Each structure stands twice: as structure tokens, then as C-alpha cells.
Amino acid sequence: MLSMARKLGFSVVGLTLEDIDMKPLEVKPPENLKVVWRIDLTHDKTQPKTIDKLRKLFSIIAVSCSSRDEFRAVLKTRTDLIFQKKLFAFNLSDVRVLASSGKFFELNFKPLIYARGFEMVNTIKVLRRNVELLRKMKIPIIISSWASNTYEVTPPLELPQFLILADVNVQEFYRCVSEEPARLLELSTSKRMGLPNGVRIFRRECV
Amino acid sequence: MKMFKTRYLALKVECDGEFDRNSFQKNLIETYLRLYGEYGLSKANLKFLRLGDDGLAILSVNHRSLPHLRTALMLIRELDGVRTLVHVLGVSGTIKRLKAKFLSTDVGKS
């Protein structure tokens with residue numbers, strides 16, 4: 001999968017674990033490909049102590065939500081990224097709270113690949129609504145493929161193409177596969193160092 | 001001013017097994033129809049210009065329908081039970097430029 005990702009033009013790939021007792025594995029990525037580890041938590045496992053422990057091990061801490069109640073609950077946690085395990089429609093107040101929390105939101109198009117008929121219609125409807133609200137409130141979005149095998153890896157510049165179904169200008173969303181993930185990594189690195197928000201290390205000098 | 005501009009796409013189809021040209025053609029048209037309907041497909045003016053056994057393909061499409069075609073291509077993950085990945089190598093306004101830029105071994109061939 002990693003060699004396919006390199007071939008398709010990725011420079012950084014995020015690998016996901018879901019079990020909080022597991023540690024990042026040793027992998028040998030191909031040349032010029034960086035691997036970062038990410039943990040996907042559920043809303044009931046986002047206690048500050050757990051997150052502090054996991055932050056030392058994982059570059060990105062993501063949390064899933066399957067309903068609006070869960071979404072509201074996870075907004076108060078100290079995770080970096082929120083994603084929907086099961087698609088549901090947001091409303092404006094949800095997205096306003098998300099904007100004030102400073103978290104990133106992950107969009108993935110995997111449900112679109114396997115949905116058919118009325119399920120597809122619903123998926124596109126919810127996607128269109130959510131994307132419109134996220135854009136309106138300028139939420140940082142990350143687009144991912146959620147690939148679980150080699151043939152689900154999608155070239156990075158193809159990733160935002162599915163948003164044409166939400167009637168948006170795809171060009172606007174290219175940053176969601178380049179600048180935004182880089183910014184997320186930078187932010188999570190500074191959190192791991194214990195730096196407060198807005199403080200960055202540009203250069204280190206040994207004295 | 002030209003009303004109907006065409007865009008040419010170079011594709012690489014990677015399969016888990018053997019690449020079946022007919023299955024790819026059928027699947028792409030089915031996916032496009034499913035997403036955009038008969039009216040959408042008629043507007044796209046989709047043509048399969050080259051479909052090699054090596055998985056390399058050249059398609060032509062109306063420039064306004066290019067994003068729609070790319071979405072349809074992205075959603076193809078299986079051809080008759082064989083896991084598949086369609087990778088757009090590049091897009092160009094002329095076949096000559098497309099071949100020179102993305103399928104450079106093809107230059108000079110008919």
C-alpha cells in the first residue's frame with residue numbers, strides 16, 4: 001500500500017490504529033515517503049489523561065462521531081481531528097461550535113464508492129449540506145481516502161474530485177490535500193512539544 | 001468562439017488480475033449514467049479513443065463534463081469482481097500534447 005501511495009504521488013501518509021492499547025508499528029516506507037501514525041478514538045475514550053498518554057505515541061489524534069449528540073460531545077475534547085463514522089447532516093450551530101473549537105474536520109468519500117440507489121442519493125444530499133456549512137464557517141477540512149487496501153488508495157489530486165457532487169469548485173479544495181494536512185501535522189507537533197497555541201519553533205541552535 | 005471544446009485524458013488502469021477492456025468501458029458508462037443520468041452522458045460526448053491491454057487508455061470528453069468524468073472514474077473500484085484503481089495520468093486539449101506529455105513512449109506511433 002505504501003509503495004502504491006508513493007507511486008501515486010503522496011509525500012506523507014497517515015496510518016491509523018483504533019485500539020488505544022496498541023503502539024505505532026515499525027514500518028519501512030519507500031524513499032521520499034513519510035509515515036505518520038494516527039489514532040482514531042470513539043467519543044467515550046477521549047478523557048484528557050488518555051489523550052495526554054496517546055499524544056506521546058501518535059502524531060494525530062482523531063475522534064469519530066456517529067450522531068449529532070456525539071459530535072457535540074467530542075467538540076469539548078482535546079483531539080486534533082473530527083470525522084463522521086456514519087454520515088449525518090450538521091446544522092449551522094454545530095458548525096459554529098466546530099469553528100470556535102479550532103479542530104480540523106475530515107471528509108472521506110468511501111461511503112460514495114459503495115453506496116447505491118437511494119443510499120447514494122442520501123449520501124450526496126448530506127455531503128452537499130455539510131460541505132456548504134463547513135465552507136461557510138471556514139472550517140479547515142482534510143480530505144482522505146480511508147483506504148484499507150492497495151486498490152482503495154486514490155491519487156492526492158483526484159481526492160477532491162468527488163466534491164463536484166456537492167456542486168463546489170474543486171480547485172478550492174486542493175488545499176485540503178496539501179496545505180491543511182501539513183498545518184495539522186505542524187499543530188499537533190507543537191502540541192506534542194507542550195507549546196501553547198500560536199507558538200512555533202522555527203530553528204534550533206545549540207549553544 | 002468554439003462552443004464544444006474537447007479534453008483528452010490519459011488513464012492507467014491498475015487491476016488485481018487481468019484487465020478487461022470491455023468491462024472497464026461498460027462499468028465507466030454505467031457509473032456515469034448512475035451519477036449524472038442519460039442527459040448528463042449525452043452532454044459529456046464521451047469517447048474511448050484507445051483502450052490497451054496494458055491498462056493505458058485515452059478518453060475524450062466535453063470540457064464542461066471533465067470534472068464529472070473524473071468523479072465517475074474515481075468511483076470505479078471493481079471490474080467484474082477484480083479490484084481496480086483508475087489513475088488519471090493527465091489531461092490535455094490535444095491528443096498530440098497528451099501523448100508527448102503523459103504517454104511519451106507513444107510519440108510517433110499511430
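Over 24 Å between C-alpha atoms is what I'm after, so list which of B:K47/B:K99; A:K7/A:K85; B:K5/B:K96; A:K34/B:K99 land there.
A:K7/A:K85; A:K34/B:K99
Can you tell me the Rg and Dmax of the range A:83-207, counting just the alpha carbons, in angstroms?
16.7, 65
Can you work out the FRET efficiency for the pair B:R64 and B:R97, with r the C-beta to C-beta distance and R0 = 22 Å, to the nearest 0.05?
0.65
Tell me the label-point distance for the pair A:D52, B:E30, using the 7 Å Cα-to-Cβ offset, in nm and rounded to one decimal.
Going from the A:D52 label point to the B:E30 one covers 5.5 nm.
When a footprinting reagent is the concern and you count Cβ atoms within 10 Å, what order do A:D80, B:D80 take, fewest first?
Taking fewest neighbouring Cβ atoms as first place, the list is B:D80, A:D80.
From other protein chains only, count the Cβ atoms within 10 Å of every residue's Cβ in A:155-164, then give the mean.
What the average comes to for A:155-164 is 5.
Per-residue ellipticity at 222 nm for chain A, helices alone: DSSP H runs ≥ 4 residues times -39500 (n - 2.57), over residue total, nearest 500 deg cm²/dmol?
-10000 deg cm²/dmol
Can you grab the distance from the C-alpha centre of the range A:19-95 to the C-alpha centre of the range A:162-207, Å, no decimals?
If you average the Cα positions of each part, the centres end up 16 Å apart.
Which order do A:Y114, B:Y32, A:Y174 fall in if you start with the one that has the fewest other Cβ atoms within 10 Å?
Listing A:Y114, B:Y32, A:Y174 from fewest to most nearby Cβ atoms yields A:Y114, A:Y174, B:Y32.
Nearest 0.05, what FRET efficiency do A:F202 and A:S148 give at R0 = 41 Å with Cβ-Cβ as r?
Computed FRET efficiency for A:F202 and A:S148 comes out at 0.65.
Ranked by Cβ crowding within 10 angstrom, fewest neighbours first, how are A:K56, A:K191 ordered?
Lowest to highest Cβ neighbour count: A:K56, A:K191.
Between B:N22, B:L46, B:L56, whose Cα lies farthest towards the positive end of the dipole of the range B:20-63 when Lys and Arg beta carbons carry +1 and Asp and Glu beta carbons carry -1, centred on the Cα centre?
Towards the positive end, the residue furthest out is B:L46.
What is the mean projected area of the alpha carbon convex hull for the protein assembly as shown, to one decimal in square nanometres?
The directionally averaged projection comes out at 20.6 nm².
Check the straight Cα-Cα distances from A:K49 and name the lysines below 23 Å, setting aside those fewer than 8 residues away within the same chain.
A:K23, A:K76, A:K103, A:K191
Taken together, the values in this text are just the output of simple stated rules run on the coordinates, not laboratory data. No experiment lies behind these values; they were computed from the predicted model shown. With ideal geometry, Cβ positions are generated from the backbone for all residues, glycine too; neighbour counts draw on all protein chains shown.
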